[in-house]
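Here is the structure we will look at, set down as C-alpha coordinates.
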Amino acid sequence: MTDNPAASDDFPTSSLNSRIVTTRPVAARIWNYWLGGRDYYEVDRKAGDEISRMHPSIHDYARADRQFLGRAVRHLAADVGIRQFLDIGAGLPTADNTHEVAQRIA
(Lines give C-alpha, C1' and ligand atoms only; values in the text may rest on other atoms or scores of the structure.)
Protein backbone atom coordinates (compact mmCIF):
# COMPACT_ATOMS: atom_id res chain seq x y z
CA MET A 1 0.00 0.00 0.00
CA THR A 2 1.29 3.46 -0.83
CA ASP A 3 0.31 7.02 -0.03
CA ASN A 4 1.33 8.01 -3.53
CA PRO A 5 -1.82 8.15 -5.68
CA ALA A 6 0.30 8.15 -8.85
CA ALA A 7 1.48 4.64 -7.99
CA SER A 8 -1.96 3.07 -8.34
CA ASP A 9 -3.23 1.60 -11.60
CA ASP A 10 -6.45 3.60 -11.53
CA PHE A 11 -4.78 7.01 -11.12
CA PRO A 12 -5.69 9.11 -14.17
CA THR A 13 -2.78 10.35 -16.25
CA SER A 14 -4.40 13.76 -16.58
CA SER A 15 -4.25 14.17 -12.80
CA LEU A 16 -0.55 13.31 -12.83
CA ASN A 17 0.09 15.85 -15.59
CA SER A 18 -1.67 18.53 -13.57
CA ARG A 19 0.76 17.85 -10.72
CA ILE A 20 3.86 18.68 -12.78
CA VAL A 21 5.11 22.01 -11.49
CA THR A 22 5.99 24.39 -14.32
CA THR A 23 6.13 27.57 -12.23
CA ARG A 24 9.38 26.72 -10.41
CA PRO A 25 12.72 25.90 -12.02
CA VAL A 26 13.92 22.31 -11.81
CA ALA A 27 17.63 21.44 -11.94
CA ALA A 28 17.23 18.65 -14.50
CA ARG A 29 15.33 20.92 -16.88
CA ILE A 30 17.90 23.71 -16.42
CA TRP A 31 20.70 21.29 -17.37
CA ASN A 32 18.62 20.21 -20.35
CA TYR A 33 18.42 23.87 -21.40
CA TRP A 34 22.18 24.36 -21.00
CA LEU A 35 22.83 21.27 -23.12
CA GLY A 36 20.64 22.56 -25.93
CA GLY A 37 17.72 20.25 -25.22
CA ARG A 38 14.09 21.14 -25.63
CA ASP A 39 12.53 19.70 -22.47
CA TYR A 40 12.35 22.79 -20.28
CA TYR A 41 10.00 25.62 -19.48
CA GLU A 42 10.43 29.39 -19.56
CA VAL A 43 11.05 29.43 -15.81
CA ASP A 44 13.93 26.97 -16.29
CA ARG A 45 15.44 29.07 -19.08
CA LYS A 46 15.28 32.20 -16.94
CA ALA A 47 16.89 30.45 -13.98
CA GLY A 48 19.54 28.94 -16.25
CA ASP A 49 20.32 32.33 -17.74
CA GLU A 50 20.58 33.89 -14.27
CA ILE A 51 22.97 31.17 -13.13
CA SER A 52 24.96 31.66 -16.34
CA ARG A 53 25.30 35.37 -15.60
CA MET A 54 26.73 34.55 -12.16
CA HIS A 55 28.83 31.62 -13.40
CA PRO A 56 29.58 32.00 -17.13
CA SER A 57 31.46 28.69 -17.38
CA ILE A 58 28.45 26.59 -16.40
CA HIS A 59 27.68 25.73 -20.04
CA ASP A 60 31.22 24.39 -20.43
CA TYR A 61 30.81 22.32 -17.26
CA ALA A 62 27.49 20.90 -18.47
CA ARG A 63 29.01 19.86 -21.80
CA ALA A 64 32.16 18.46 -20.13
CA ASP A 65 29.99 16.45 -17.75
CA ARG A 66 28.05 14.97 -20.67
CA GLN A 67 31.24 14.21 -22.59
CA PHE A 68 32.70 12.43 -19.56
CA LEU A 69 29.57 10.30 -19.26
CA GLY A 70 29.92 9.30 -22.91
CA ARG A 71 33.61 8.43 -22.55
CA ALA A 72 32.98 6.39 -19.40
CA VAL A 73 30.12 4.42 -20.96
CA ARG A 74 32.08 3.82 -24.19
CA HIS A 75 35.04 2.52 -22.18
CA LEU A 76 32.91 0.26 -20.00
CA ALA A 77 30.93 -1.12 -22.94
CA ALA A 78 33.78 -1.48 -25.47
CA ASP A 79 36.84 -2.22 -23.35
CA VAL A 80 35.39 -3.90 -20.27
CA GLY A 81 32.42 -5.63 -21.91
CA ILE A 82 29.71 -4.39 -19.61
CA ARG A 83 26.29 -4.80 -21.23
CA GLN A 84 23.93 -3.58 -18.53
CA PHE A 85 23.87 -0.02 -17.19
CA LEU A 86 21.65 1.42 -14.52
CA ASP A 87 21.34 5.16 -15.08
CA ILE A 88 19.92 6.67 -11.91
CA GLY A 89 19.32 10.38 -11.91
CA ALA A 90 16.92 13.23 -12.31
CA GLY A 91 18.08 14.18 -15.77
CA LEU A 92 15.83 14.56 -18.75
CA PRO A 93 16.49 12.96 -22.11
CA THR A 94 18.99 14.70 -24.32
CA ALA A 95 21.44 13.58 -26.98
CA ASP A 96 23.71 10.64 -26.16
CA ASN A 97 21.97 9.26 -23.11
CA THR A 98 23.70 6.39 -21.32
CA HIS A 99 21.65 3.71 -23.06
CA GLU A 100 22.17 5.26 -26.51
CA VAL A 101 25.95 5.32 -26.12
CA ALA A 102 25.99 1.74 -24.79
CA GLN A 103 23.70 0.45 -27.55
CA ARG A 104 25.92 1.93 -30.26
CA ILE A 105 28.93 0.12 -28.82
CA ALA A 106 27.18 -3.17 -28.14
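The values are calculated or read from the model by the stated rules, or taken from the named source; none is laboratory data. Bear in mind the structure is a predicted one, so any value in this text is a computation, not a measurement. We place every Cβ from the backbone using ideal geometry, glycine too, and count neighbours over all the protein chains shown. When the accessible area is computed, the model is the full protein with side chains, heavy atoms only, and any ligands, DNA or RNA have been set aside. Shrake-Rupley method; radii C 1.70, N 1.55, O 1.52, S 1.80 Å.
Between Ser57 and Arg71, what is the label-point separation in nm under the 7 Å Cα-to-beta-carbon projection?
With each label placed 7 Å out from Cα toward Cβ, I get 1.6 nm.
What's the carbon and sulfur percent of region 17-76's accessible surface, probe 1.4 angstrom, rounded to a whole number?
After summing per-atom areas, the C and S share lands at 55 percent.
Give me the Kirkwood hydrodynamic radius of region 37-106 in Å, from all C-alpha pairs, to one decimal place?
Here the Kirkwood hydrodynamic radius works out to 13.8 Å.
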